[in-house]
Structures are given as structure tokens and as C-alpha cells.
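See below for the structure under consideration.
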Amino acid sequence: MDGNFNENDISRVVEADRAHIWHHLSQHKPYETTDPRIIVEGKGMRVWDQKGKEHLDAVSGGVWTVNVGYGRESIANAVRDQLIKLNYFAGSAGSIPGSHFAEKLLDKMPGLDRVYYCNSGSEANEKAFKMVRQIAHKRYGGKKHKILYRDRDYHGTTLGCLSAGGQDERNAQYGPFAPGFVRVPHCLEYRSFEQDGAPQENYGVWAADQIEKVILAEGPETVGALCLEPVTAGGGVICPPDGYWERVQEICRKYDILLHIDEVVCGVGRTGTWFGYQHYGIQPDMVTMAKGVASGYAAIACLVTTDAVFDMFKDDASDPLNYFRDISTFGGCTAGPTAGIENMNIIERENLLENTTNMGHYMLDQLHALADKHGVIGDVRGKGLFLGAELVTDRDSRAPIEEKRIQAVVGDCMAQGVIIGATNRSLPGKNNTLCFSPALIASRDDIDEIIAAVDGALGRVFASA
């Protein structure tokens, strides 16, 4: 990247963007007087905007996606070669890369057997919800149809996924939602004092027991699935407390409830294992994934299930309704699984799971050191290169810092050339967590640069605090 552009050409791009592009998660009024940012190029951990300014990307493409970093020619070349040979055929038939990737993926997921291809995390979760509903009708007279979801968790932007969305600001103004989705409490130990009856010891087991209380209140015979993130992402980067997941698994088995793990953010290396749930020794029935599957080099998402789930859709071939009557048009693209294969090859070849674990420990230590310096940091948490720092007005009350000051920290870092994230427009009054998810290739130097930027930003934004 040389930072040089033809001024007329780039001005035309900016004006076309301003006139025609509807950006995601963005208020566009400011673009009437300021230029929208155009990301022009990326290499490794760095991206460059239309002005040639270099940024260290600490959120892997803005939304936890570019796990192996930018500029991977081997992925691009593999995709190009495959597209020339066969770019697409509907998922009612197979493809060579689809078969190869499924085999490679399932080798990393013992106990899971089948891959359903689609094109986004929202869509993958919709497929899982539809399977649960169809199973309810096939086996339980439609009664066991309810899907439990957790406060603070996020599963996508469709109306079905928002119906299972635990972030009230993301849901605001999009209802009414689909019936049969029921919220359960979260397990954020840092804020356990906000939950009536929460103990100081064995909180994880207690938090899981709150799920059982909801199941009993709804009626176990009506509950078909429990959908959870292994580590909550946009709801505040929340790791489950000790004992939580083991008890969740026990509860699901006790009441014949399918355990659906949403790995859209955590999947494919982000936490230092191939999948986040693998830290906790549990065996899910369904796993959804998207972002890191191909590191953004092609659109791909997957719903992975056990054969026990799959077999429920083929037990009576004489019944014309007895299969999963669903299609994802772009689930038939060959670019996604092709990119996914090489993405996994890179992770293996470069020992990126080990690097993620090591650099994750290092970055967590550096964030704790920042907390020693800045009293505004109330809690530091995370796993692998998926980390958060919750900011509070004081550590005794743990009152959240207002969102505009969180965004001021993000803006200050951006001005320094470091892109970080934050919870935003998700949790009323509690969008107060800085989020970090650098690519799995991150080095100590990269992390030091991120930490230095946050240190400076906190000092300036909270200078009078």
C-alpha cells in the first residue's frame, strides 16, 4: 500500500458512496457534511482508507470476521480456480469443495455429523429454529416448539433471529416478533448483584439453574431447544462462570431439549480452540457458524448437527413432508467451502490456535495492567483473542459509563490509527464494554500498539474523571 490515489477517481468513489450506499449500523446524517470512510486495502493486520491513512484493525473487519488477516493470496487463488471450474449449483446436489470442507470441518467437531450450507449467521440460526419447529410437529404434535434464548445474547437480524434476541435496543421498533421464543437470564458474574438471590459461591451452577426454572414454568413438554452463545459477543464479551455449561448440558438432557450453540463469532479459532464450546466439555446437538469460517474471503455459513437430529428428517420416506423442506440459494456457492478449506489450512499450518491462546493471555494481562492504571475499567474478561473491558463510573457501584463516552474512546483510538469495538445500541443503559478481537495472527507488537492506543484514549476521554 503506497497511499497514493488519483484524486478525481477516489473523489468519485466517495461521492457515489455518499449518494447510493446504505451502510450497516450507521446514522447517515453526518455524511451530509463529512466524508464516509472507504476502506481501500488490507494486508495482515492493517487496513488503509481513501486518504491513505493506515489503521491497525483490532476487530477483524469491524465484526469479528477476518480471522486469518487480510491479503491471503492462497485463499484468493483457491477461490479463483474453483470458480472457473464450477461456481455454483443449488444445494440439492453436492460439490467437490462442499464435500471436502464438510469432512475437514467435522473432523474438528467430534460427535457432530452433518453440515447444512447457507450464507450468513442469521440464516444459519433461522435454519436451526425451523428444524426445531419441524421436529416439534413431527414428533410432539407441535407442542414442543418453544426456543429458549438468553438475555444479552445475539443471534442475527432477521425477524426470527430478533425473536431470539437478548439485546433490547437491537430489537426496538422491529416487533411484533415470532411467538414461542422465551428469554432466560444471563450468567454475567460481574453483574450478579443485579440478580435476586444470586450467591457469591457457585454462581455458575445457580445461573444455569435459573434456566431450569424457566423450563419448569413454561412446561418441559413445550420446550424444544435452548440457543446460547458459548461466549457472549455483542452483549459484553461474557465468559461463562465455572460450572455453568456442565449444568446447562445436564438440564437439556434431563428435559429432552436440543442444545443449539451459536458459534457465529467464536467459531474457527477465535477463542483458541476450533469452537468456543470445546473449552467446556459439552456436546451440542446443533452448532451454527459464519464469520470466521472463511475469514470474509467468501460468504459462507453452516448449521452443523448430529446424525440423531438429521435422522429425524428421513425416517419415513413415504411421507412427502418428512424432510427438511428448506433451501438457501447461495448455500450452493462453491467459493465458500473452498475458502473455508484454505482458511483452516492456514490456521493449522501457522499454528494460529496456539498463537491465539498465547497472545490472548498476553493481551488479557495487558488489559489488567491498564485496569490498574485507569479506575474507569471495572472488569476485564475474555478468552483467546476475544476480549472485553467494561467501563464504569466507579468500581463500588459498577454503574455503567454512558455510551457516548465509550464511543469517544473508540473515536480517539480511530484517530490514532487503531480500530477497536464497543457494545453499542444493544443493551439499554449498558453499552459500556470495549471489545477487542484482533486477527489470530496478532503479535506482541500489535497488541502493544492496541493497548497503547486505549491507554491514551482513556487518559484523554476521562481526564477530568
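The values are calculated or read from the model by the stated rules, or taken from the named source; none is laboratory data. These figures come from a predicted structure and were not determined experimentally. A quick note on method: Cβ atoms are made from the backbone with ideal geometry, for glycine too, and the neighbour counts reach across all protein chains shown. All accessible areas refer to the heavy atoms of the entire protein, side chains included, with ligands and DNA or RNA removed. Shrake-Rupley method; radii C 1.70, N 1.55, O 1.52, S 1.80 Å.
For the stretch 47-135, which chymotrypsin sites (Phe, Trp or Tyr not before Pro) are both in a DSSP coil and crowded by at most 13 other Cβ atoms within 10 Å? When the chymotrypsin sites (Phe, Trp or Tyr not before Pro) of the stretch 47-135 are filtered for loop state and at most 13 Cβ neighbours within 10 Å, Phe89 remain.
Distance between the 7 Å Cα→Cβ label points at Ile38 and Asp394: 5.0 nm. Computed from backbone phi, the HN-Hα couplings of the stretch 124-136 come to 4, 5, 4, 4, 4, 4, 5, 4, 4, 5, 5, 4, 4 Hz, rounded to whole numbers (Karplus: 6.51 cos²θ - 1.76 cosθ + 1.60, θ = phi - 60°; Gly and Pro given as x). Ligands, DNA and RNA left out, the accessible area of the stretch 1-139 computed with a 1.4 Å probe is 51% carbon and sulfur. Taking all protein chains together and a 1.4 Å probe, the residues Leu56, Leu83 rank Leu83, Leu56 from largest to smallest accessible area. DSSP assigns beta bridges within the chain; of those with both partners inside it, close to 65 percent run antiparallel. Judged by the mean number of other Cβ atoms found within 10 Å, the most tightly packed of the peptides 139-152, 363-376, 326-339 leads the ranking 326-339, 139-152, 363-376.
Charging the Cβ of each Asp and Glu at -1 and of each Lys and Arg at +1, and nothing else, the dipole of the chain about its Cα centre rounds to 880 debye.
Rounded to the nearest 0.05, what FRET efficiency do Lys254 and Phe177 have when you use their Cβ-Cβ distance and R0 = 22 Å? Calculated transfer efficiency: 0.20.
What residues of the stretch 132-147 lie in the reach of a label at Asp319, counting those whose backbone N is under 12 Å from a point 7 Å from the Cα along Cα→Cβ? From the stretch 132-147, the list is 134-142. Here the extension length gained between Lys85 and Leu25 equals 17.9 nm, from 0.36 nm per residue of separation less the Cα-Cα distance.
The share of accessible area on the stretch 293-441 that comes from carbon and sulfur is 51 percent, using a 1.4 angstrom probe. In the chain, the calculated helix contribution to ellipticity at 222 nm averages -11500 deg cm²/dmol per residue, counting -39,500 (n - 2.57) for every DSSP H run with n ≥ 4. Applying the criteria of a DSSP loop state and at most 16 other Cβ atoms within 10 Å to the trypsin sites (Lys or Arg not before Pro) of the stretch 395-436 yields Arg395, Arg398, Arg425. When Cα Rg over 2.2 N^0.38 Å is calculated for this entry, the matching label among (1) 0.98; (2) 1.12; (3) 0.93 is (1). Multiplying the residue separation of Ser92 and His137 by 0.36 nm and removing their Cα-Cα distance gives an extension gain of 13.8 nm.
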